Amino acid sequence: MTKKLWFILLALGFFTALILSSTYFQQDEWHSFGTIQAYGWRYVTLDKDLLELLFSDRFGARVIMYTLFSLFGISSLFFALFSVAVHTINSFLVYLLSEKITKNKVVSLIAGIFFFFNSLGHQAYSWFGTMAGS
C-alpha cells in the first residue's frame, strides 16, 4: 500500500507542477530577484546581524530563494517543480506519521491527500513568494 500511495502522491504532485508551471512572478518575486541581482550572496544576510538571522529571520528561505534564482533565473517551471516536490514529500511524511499514530491506512491516506490539497487554497506552496518560507 505504501508504494501505491507514494505513486499516487507523486503523480498528483507532478500534475500540480504542470499547472503551476504556467504561473507568473508577482511583486515579491521581482523584488527578491532584483535584490539578489544587486547584492549577490549578501542578499542572504542583508541588514541582519547573526542573532537576528538565527532566531528571528527566515534564513533558510533566503538561502533557498538565492539558490533558485541563481540557478534558474526567472523560469517559474523550476520553482514549481521544487515547490511541488518538497510538498509531495511532506504530504507523504504526513501519511507516514498518521499511520504511526492511528494504525489505519485509510485515515492516513485521507490525511496525506488532505494535507496535499489543502495548501492550494492559501498558496502555501503554489505562490513562489511564500513557498520557500512555508
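Details
- Applying the condition of being farther than 12 Å from Leu9 by Cβ and either of a type in the set (S, T, N, Q) or in contact with a strand residue (DSSP E or B) (Cβ under 6 Å, 6 or more places away or on another chain) (or both) to the stretch 85-117 and asking which residue is surrounded by the most Cβ atoms within 10 Å (Cβ to Cβ) yields Ser98.
- Pick from the stretch 72-84, criterion assigned to a helix (DSSP H, G or I) and open to solvent by less than 40 Å² (accessible area, probe 1.4 Å), ranking: farthest from Leu9 (Cα to Cα): Ser76
- Phe69 open to solvent by 50 Å² or more (accessible area, probe 1.4 Å), aromatic (Phe, Trp, Tyr) and in a helix (DSSP H, G or I): no
- Contact map, the stretch 86-111: first residue over 30 Å from Ile64 (Cα atoms), second residue in a loop (DSSP other than H, G, I, E, B), Cβ cut-off under 6 Å, separation 6 or more or different chains; pairs are Lys105/Met1.
The values are calculated or read from the model by the stated rules, or taken from the named source; none is laboratory data. Everything numeric here is computed off the predicted structure, so don't read it as measured data. Glycine gets a Cβ as well: all are built from the backbone with ideal geometry, and neighbour counts include every protein chain shown. Note: areas computed on protein heavy atoms with side chains; ligands, DNA, RNA excluded. Shrake-Rupley method; radii C 1.70, N 1.55, O 1.52, S 1.80 Å.
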